[in-house]
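Following: one structure in structure tokens, then a few remarks.
The values are calculated or read from the model by the stated rules, or taken from the named source; none is laboratory data. Just so it is clear, the model here is predicted, and its values are computed rather than measured. Every residue, glycine among them, receives a Cβ derived from its backbone with ideal geometry; neighbour counts consider all protein chains shown.
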Amino acid sequence: MSTVATDRDVRKITGRIGAEITGVDITGPLDEETVGFLRAALAEHKALVFRGAPLDDEGQERFAAHFGELTTAHPTVRSVEGAPRVLPVDVDGGVANHWHTDVTFVLTPPRATTLASKVVPPHGGETLIANTGAAYRDLPEPLRRLADGLRAVHTNAYDYATPPEQQDDKDAERRAQFESISFETEHPVVRVHPDTGERGLYLGGFVRRFVGLTTTESRDVLRLLQAYVTRPENVVRVAWEPDQVVIFDNRITQHYAPDNFDGLPRRLHRVTVAGDVPVGVDGSTSRALVGDASHYVPQH
């Protein structure tokens, strides 16, 4: 029997991104009307927070599946044992303290990401999520025109937050696993959202270079454009608590998990919804350059 929401509400967390959903029990089945309500809220607010939602892995997969088909956990990183669609996000897996959009180094990155809290540190450990559509609208017209015409190469051999000479054996092992299959994909820098038509900057930490620019030029342009994504007014800071679930639209957001919890235990489980091939403002699509991700995305 489907769960019918009563007294449901959408409470904005910031003016530009993020909303808390109340009055919807996501721990059970959801009726079609409620799913439509949640999809519309996600399209508008980009990131949704649910408190008091104790989901096990099966429940998280069931909830995420309301937004589309699921991917496997990751193209290269091991899943939770016995749950091939669930990725553990914890200290043992390394700290993702860099701005990124999930898995942009493949041709069809996820459309949405769900995170469920399992172990919450007593302080720190938040997740920052940025609205890349608002960032695009913030660009001065000359920079907007520049971004509209650019394409970027994303790769999983990215610039890690910890320099190689400072990495210990565990860091090196994690990096080797993350890069165990090489991926490179060329995406438009401005992506047109397939559902809303909104334009957003499609960048993040997996960008290696821009097509037609040198490494130095690419670094400078990336720094310039990323600065608009990470403006404080474009970012919501989600503080984790037990039994909390977050979903964000991976097509028009970036996120960042700051290393600010003193190495204390912190564990989230991630389930991602399969996406489509990004399309730029001129109608051109992304193209895979290196790597086969068929084991990661659903095949039809």
Task: Pick from region 139-163, criterion part of a loop (DSSP other than H, G, I, E, B) and of a type in the set (Gly, Ala, Ser), ranking: modelled with the highest pLDDT - done: 149
TODO: Spot the failing condition for residue 77; the list is (1) within 30 Å of residue 182 (Cβ to Cβ); (2) in contact with a strand residue (DSSP E or B) (Cβ under 6 Å, 6 or more places away or on another chain), and only one is missed.
DONE: (2)
Task: Residue within region 83-103 that is on the phi > 0 side of the Ramachandran plot and touching a strand residue (DSSP E or B) at 6+ places or on another chain (Cβ under 9 Å) present - done: yes
Task: Test: residue in region 40-48 that is surrounded by fewer than 23 Cβ atoms within 10 Å (Cβ to Cβ), touching a residue at least 40 places away in the same chain (Cβ under 8 Å) and either of a type in the set (A, V, I, L, M, F, W, C) or out of contact with any Pro (no Cβ under 8 Å at 6 or more places or on another chain) (or both) - done: yes
Open item on the list: Return the residues of region 189-212 that are of a type in the set (A, V, I, L, M, F, W, C) and without any contact (Cβ under 8 Å) to a residue 40 or more places away in the chain; say none if nothing qualifies.
Closed with: none
Open item on the list: Conditions first: (1) surrounded by 20 or more Cβ atoms within 10 Å (Cβ to Cβ); (2) over 14 Å from the mean Cα position of the chain (by Cα); (3) of a type in the set (Lys, Arg). Residue 270 passes all but one, so which condition is the exception?
Closed with: (2)
Task: Lone qualifier among 52, 59 - being part of a loop (DSSP other than H, G, I, E, B) and over 16 Å from the mean Cα position of the chain (by Cα) - done: 52
TODO: Give region 13-34 a look and list any residue that's modelled with pLDDT of 95 or more and more than 17 Å from residue 128 (Cβ to Cβ), or say none.
DONE: 21, 22, 23, 24, 25, 26, 27, 30, 31, 32, 33, 34
TODO: Considering only residues that are among the aliphatic types (A, V, I, L, M) and in contact with a Leu (Cβ under 7 Å, 6 or more places away or on another chain), look in region 183-199 and name the one that is surrounded by the most Cβ atoms within 10 Å (Cβ to Cβ).
DONE: 190
Task: Conditions (1) of a type in the set (Ser, Thr, Tyr); (2) in a loop (DSSP other than H, G, I, E, B); (3) exposed (fewer than 15 other Cβ atoms within 10 Å of the Cβ): number failed by residue 216 - done: (2)
Open item on the list: Against the definition (surrounded by fewer than 23 Cβ atoms within 10 Å (Cβ to Cβ) and without any contact (Cβ under 8 Å) to a residue 60 or more places away in the chain), how does residue 232 come out, yes or no?
Closed with: yes
Open item on the list: Please go through region 209-261 and give me each residue that is under 18 Å from the mean Cα position of the chain (by Cα) and of a type in the set (D, E, K, R), ordered by number.
Closed with: 231, 237, 249, 251, 259
